[in-house]
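The structure under discussion appears below in the form of structure tokens.
Each reported figure results from applying straightforward, stated rules to the coordinates on display, with no laboratory input. None of the values given here were measured: they were computed from a predicted structure. Don't worry about glycine lacking a Cβ; one is built from the backbone with ideal geometry, like all the others, and counts go over all protein chains shown.
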Amino acid sequence: MPRASKGFVVDQAAQALGARSSECFHWATPQGAELDLLVVRGNRRIGVEVKCTEAPQVTKSMEFAMKDLGLDKLWVVHQGRDRFTMRPGIEALPIAELTSLAGALGR
């Protein structure tokens, strides 16, 4: 399967979430932690990180984002086939299942 560009996957994730452009952000710290997509709607905060691997692992950036941003959920979109919990609040999601993000923001 050809690899999709990170920007394309971020756009598709935002679309699957039903997020408006005014709700979508890229987050980064001066120390180097970053998050590909932060979606904020009301009190809900959802993160999306794109990894070009079949077996993503929790990174320090993910841990910082969870804590500093108070994320409700962090989805790690990857090239593999399996969906799995990486740790509480962080779930690995195959790119083929992006549509399952629908409804994650609520209304």
Two-site label geometry, residue 67 and residue 86: point separation in nm, points 7 Å out along Cα→Cβ
1.6
Going by a ≥ b ≥ c, the root eigenvalues of the Cα gyration tensor, does region 55-107 fall in the rounded group (a/c under 1.5), the prolate group (a/b larger than b/c) or the oblate group?
oblate
At 25 °C and 0.890 mPa s, the Stokes-Einstein diffusion coefficient in µm²/s for the chain, with hydrodynamic radius from the Kirkwood sum on alpha carbon pairs, is 179
Residue by residue through region 31-48, what is 3J(HN,Hα) from phi via Karplus (6.51 cos²θ - 1.76 cosθ + 1.60, θ = phi - 60°)? Round to whole Hz and write x for glycine and proline.
7, x, 6, 8, 9, 5, 8, 10, 10, 10, 9, x, 8, 7, 9, 10, x, 10
Antiparallel bridge percentage (DSSP; both residues within the chain; nearest 5):
55
To the nearest 20 debye, what charge dipole does the chain have about its Cα centre, counting +1 at the Cβ of each Lys and Arg and -1 at the Cβ of each Asp and Glu?
180
Rounded to whole Hz and in sequence order, give me ³J(HN,Hα) for region 78-87 from the Karplus expression 6.51 cos²θ - 1.76 cosθ + 1.60, θ = phi - 60°, writing x for Gly and Pro.
9, 7, x, 9, 9, 9, 7, 7, 8, 5
Please report the antiparallel percentage of the DSSP beta bridges confined to region 31-91, to the nearest 5.
50
Value of relative contact order over the chain, rounded to a whole percent, pairs C-alpha under 8 Å and six or more apart:
26
Using 0.36 nm per residue, how much length does the chain from residue 59 to residue 26 gain when fully extended, once their Cα-Cα distance is taken away?
10.2 nm
Can you list residues from other chains, or at least 5 along the same chain, whose modelled amide H is less than 5 Å from the amide H of residue 76?
49, 91, 92, 93
